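Have a look at the structure below before the remarks.
Throughout, read-outs are computed from the coordinates displayed, never taken from laboratory work. Treat the numbers as computed from the prediction; the structure is a model and nothing was measured. Neighbour counts are summed over all protein chains in view; Cβ atoms, including those assigned to glycine, are modelled from backbone coordinates with ideal geometry.
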Amino acid sequence: MAEPTITAADISLGGGVLCLDFVNSVEDRLAQVQADMLNSYADLLTWGEHAGLISKATRRRLLRRAAQRPGQAHAVFAQAIELREALYRILMARLQNEPTQAADLATLNNALARARAHERIEPRGGTFGWTWQANDQDLDQVIWPIARSAADLLMSDQLSRVGICSNQTCGWLFIDSSRNHSRRWCDMRDCGNRAKARRYYRRKRSALY
């Protein structure tokens, strides 16, 4: 893969749900050369803070813990990337009307099982909500809400609204919340503008001949 042009703290969060934002941490997924923006446990934590999963203070504490247990931190990072790629294959299989691979579902279910062990119900005003029980020993805590988000998406009506960017090399996924399912681009300011520029160039070129 090529060196990323942006960092984990700059990754667009336009997928519509957390798990899609995580899947979209690879730039130019469908190109011959991709740019992975997550290349270390530190990158994973930076993305987690960027996505609002952990605070800056928590990121710093987890980095200190990871420095004490580099092998464990590397294993957690490997689990995160394995989950990310499994999710992408699951969703692409859905988009292409192909069967889901059992190994990919097993990866998701294993991550979900680890996450569920840390879920707790807490009071919120006059009602209740879900929270996570975590401490600085839990180097994998950033992965938990991603697994939960993926499970929620796969079991919801939103699954039918998952779309893929029309840029031939982008490959980013998003929830198409447009009325007529007409969204084409991951980001109109990025891939959409590039497509407009290409069309303009082709029109100008055709006018010369």
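Our estimate of slack between ILE121 and SER40, defined as 0.36 nm per intervening residue step minus the Cα-Cα distance, is 26.0 nm.
The slack between ARG114 and GLN168, meaning 0.36 nm per residue of separation minus the straight C-alpha distance, is 15.9 nm.
Once both labels are positioned 7 Å from their Cα atoms along Cα-to-Cβ, the gap between LEU105 and ARG69 label points is 3.2 nm.
Taking 7 Å steps out from each Cα toward its Cβ at ARG161 and ARG184 produces label points 2.1 nm apart.
Output the 0 to 90 degree angle, nearest 10, between the alpha-carbon long axis of helix 143-154 and the longest principal axis computed from the alpha carbons of the chain. Tilt of helix 143-154: around 60 degrees. Normalised by the number of residues in the chain, the average gap of Cα pairs under 8 Å and 6 or more apart makes the relative contact order 22 percent.
Spin-label model, LEU95/SER12: points 7 Å from Cα along the beta carbon direction are separated by 1.3 nm.
Just checking the listed ones, GLY48, GLY16, GLY71: in the Gaussian network model of the chain with Cα springs under 10 Å, the one fluctuating most is GLY71. Give me the distance between the Cα centres of the range 123-172 and the range 25-40, rounded to whole Å. Between the Cα centre of the range 123-172 and that of the range 25-40, the gap is 21 Å.
222 nm [θ] for the chain, helices only, -39500 (n - 2.57) per DSSP H run of 4+, per residue, to 500? List each step's numbers first, then the result.
On the way: 7 runs with 97 residues, N = 209.
Calculated at 222 nm, the ellipticity per residue is -15000 deg cm²/dmol.
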